Amino acid sequence: MRRLIILAALAVSACVTGPAEKDWVGAEDAQPFQTAAAACSQTSYNIEANFITCMAGRGWVKARKTGS
């Protein structure tokens, strides 16, 4: 039973981690967001600049935040 609870917790946590598509703007010919984010997560070594550069190469740029 404990193993089932741990597996369920891991499955739920996987859904809430990672970049959100709403924070990115894709070009017309951009790779699908989830595919690009997964590939870039594997190759960026948890360095944000590497991730952003990788995503740009796949057609995605970070959306500009507007202040109030």
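The values are calculated or read from the model by the stated rules, or taken from the named source; none is laboratory data. A quick note: this is a predicted structure, and the numbers were derived from the prediction, not measured. Cβ atoms come from the backbone with ideal geometry, glycine included; neighbour counts cover every protein chain shown.
Residues checked against (1) modelled with pLDDT of 95 or more; (2) closer than 19 Å to Ala63 by Cβ; (3) assigned to a helix (DSSP H, G or I):
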{"site": "Ile6", "(1), (2), (3)": "no, no, yes"}
{"site": "Ala9", "(1), (2), (3)": "no, no, yes"}
{"site": "Ser13", "(1), (2), (3)": "no, no, yes"}
{"site": "Pro19", "(1), (2), (3)": "no, yes, no"}
{"site": "Val25", "(1), (2), (3)": "yes, yes, no"}
{"site": "Gln31", "(1), (2), (3)": "yes, yes, no"}
{"site": "Asn46", "(1), (2), (3)": "no, no, no"}
{"site": "Thr53", "(1), (2), (3)": "yes, yes, yes"}
Here the residues within segment 20-40 that are farther than 18 Å from Lys65 by Cα, of a type in the set (Phe, Trp, Tyr) and either exposed (fewer than 11 other Cβ atoms within 10 Å of the Cβ) or in contact with a strand residue (DSSP E or B) (Cβ under 6 Å, 6 or more places away or on another chain) (or both) are none
Pick from segment 44-56 the residues that are out of contact with any strand residue (DSSP E or B) (no Cβ under 8 Å at 6 or more places or on another chain) and surrounded by 12 or more Cβ atoms within 10 Å (Cβ to Cβ): which of them is nearest to Pro19 (Cα to Cα)? Phe51
